[in-house]
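*Asks:* Submitted below is the structure of interest, expressed as structure tokens.
Only the coordinates and a few stated rules stand behind these numbers; no lab work does. Quantities reported herein were computed from a predicted structural model and do not represent experimental measurements. Glycine gets a Cβ as well: all are built from the backbone with ideal geometry, and neighbour counts include every protein chain shown.
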Amino acid sequence: MKKTRFYFRYVLVLLLTIGFIACSSSDDDPDPGEGADFRIESCKILTVDAGVTNGNASFEWAVTKSVSGKYSLTNTTAKEVMFAAVDPGEYELSVTLNSTDTKKFKVYVSDESKAYKTYINKVYDFKPAPGQFINDLPPAVVGDSYENVLRRTNTYLAKEKGDLISLGGFGGYVVFGFDHTIVNVKGKRDFRVLGNAFWADANPNPDAPLRGGSSEAGVIMVAYDVNKNGVPDDDEWYEIKGAAHDMAKTVLNYELIYHWPDPNKTPVPGGGTGTVLFTDVEYIKWIDNQEKTDYMWQNNAYNHSIDYWPRWQNNEKTLTFKGTRLPDNAVDESGTGTYYVQYAFAYGYADNAPNNDNESAMDIDWAMDKNGKRVHLPGIDFVKVYNGLNQQCGWLGETSTEIMGATDLHLRGEDIPTREIWNK
């Protein structure tokens, strides 16, 4: 028995030694990225300096070799260029100086050290406006804290298959981020915001120029983490320019203030299961910067909360929201208030088109600054969505953007061509 046990141990050690030698890299094995000037992980931003001291030099950068077209190259006429790639492998950047001399840089892009999530990693802020689904999506009780509700919102959105949250009336918003930079790939849409929009099964107006159904457009803002501090700072945001931004009735720099509801005007819920109660009782007063005043009317389906005001903000008697107000998109096609159709804008908004429709996918190249000028971002780390509509639809109540997640299209392998929206 002892001799047999010794022989077994000897063979085992010998096999392990042979296996270790076979699996170890020899001096002859090629080093991935050998000779590269730069090494970086996928979906990371690399800054490359042309290395020229001549202050009057002109620069023209390009990617001359790549393993795929899934890369971003930003600031191509500057001394420093920003590069990022989705797929690992060897890339070559070149810069032409003064239209004559060319320098080349070899960049090796490796796999990420830890697999990236294709979906939301963290919710940073949640401030909905009043609305019929507030305190339900996600749930909140009287006396809840902002921190509790934010954690609850995170559990709803920060997963592969998210749950719906409601942003309430105009301006209500949510801010979330990813565990990596979503690369701004030229000519492709880069990310998708998920909502609960759908097309109408039976539209009584087949001649309508736009697709209709339930489209509760949320304006999208994006941010690249310039200072690398891991949080979305105020000066990093840019708005996605959607089709409605150029419409005559769109109001830029819109501001609306909601006022705490008058308890003497709050209706009492009634009816049975499945019954919808709509009253003309004035509920939550609002005032905007366009010299208009009106009310958000109460609309109570049996299982809805009748408390529209966010319960964790009960100490605040006014709530102020700012942003771009989009044109009303709801039409009472019945003429009697029984069938409303919300017509989708052509592109560029959240909860505007179904999740399986190309128009729920966004291109980072649609981003613009506060003056409406196009900006070129290498990628984005954070997204903000706010309700861009201030609209009542009869028994349907206020139009409220709903969100249930967001995804990186490149990591999911969704290859969706963009549409050009900027004049050449």
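*Asks:* Using the Kirkwood formula over every pair of different C-alpha atoms, what hydrodynamic radius in Å results for the stretch 38-110?
*Replies:* About 12.3 Å, per the Kirkwood formula over Cα pairs.
*Asks:* Taking the Cα centre of the stretch 38-110 as origin, work out the dipole magnitude from +1 charges on Lys and Arg Cβ and -1 charges on Asp and Glu Cβ, in debye rounded to 20. Each step should come with its number before you reach the end.
*Replies:* Details: 8 positive and 8 negative charges, 17 e Å.
I would put it at about 80 debye.
*Asks:* Considering only Thr153, Leu164, Met296, whose Cα is most displaced toward the positive end of the charge dipole of the stretch 122-408, charges sitting on Cβ of Lys, Arg (+1) and Asp, Glu (-1)?
*Replies:* Thr153
*Asks:* Ok, one more. Hey, what angle do you get for helix 146-157 against the long axis of the chain, alpha-carbon based, 0 to 90 degrees rounded to 10?
*Replies:* Helix 146-157 sits at roughly 70 degrees to that axis.
*Asks:* Could you tell me the calculated FRET efficiency between Lys370 and Ile287, based on Cβ-Cβ distance and R0 = 22 angstrom, to the nearest 0.05?
*Replies:* Efficiency for this residue pair is about 0.40.
*Asks:* In square nanometres, what is the average projected area of the Cα convex hull of the chain?
*Replies:* Answer in nm², one decimal: 32.7.
*Asks:* About the Cα centre of the chain, what is the dipole size in debye to 20, counting +1 per Lys and Arg Cβ and -1 per Asp and Glu Cβ, all else neutral? It would help to have the intermediate numbers written out before the result.
*Replies:* Working: 42 positive and 59 negative charges, 241 e Å.
Dipole about the Cα centre, nearest 20: 1160 debye.
*Asks:* Determine, for Glu398, Glu90, Glu60, the number of other Cβ atoms within 10 Å of each Cβ, and report the residues in order from fewest to most.
*Replies:* Least to most surrounded, the residues fall as Glu60, Glu90, Glu398.
*Asks:* Give the distance, in whole Å, between the Cα centre of the stretch 116-187 and the Cα centre of the stretch 367-424.
*Replies:* Their Cα centres are 15 Å away from one another.
*Asks:* Next question. Given the rule -39500 (n - 2.57) for each run of at least 4 DSSP H residues, summed and divided by the residues of the chain, what is its mean residue ellipticity at 222 nm, to the nearest 500 deg cm²/dmol?
*Replies:* Helix-only estimate at 222 nm: -2500 deg cm²/dmol.
*Asks:* Pairing the Cα long axis of helix 2-23 with the longest principal axis of the chain, what angle in degrees results, from 0 to 90 and rounded to the nearest 10?
*Replies:* Helix 2-23 sits roughly 80 degrees off the main axis of the chain.
*Asks:* Moving on. With 10 angstrom as the radius, rank Leu326, Leu256 by how many other C-beta atoms surround their C-beta, starting from the fewest.
*Replies:* Listed from fewest to most nearby Cβ atoms, that is Leu256, Leu326.
*Asks:* Can you put Met247, Met404, Met296 in order of Cβ neighbours within 10 angstrom, beginning with the fewest?
*Replies:* Met247, Met404, Met296
*Asks:* Additional query: Going down the table (Lys122/Lys285; Lys292/Lys370; Lys249/Lys285; Lys317/Lys373; Lys79/Lys241; Lys44/Lys384), which pairs top 26 Å between alpha carbons?
*Replies:* Lys122/Lys285; Lys317/Lys373; Lys79/Lys241
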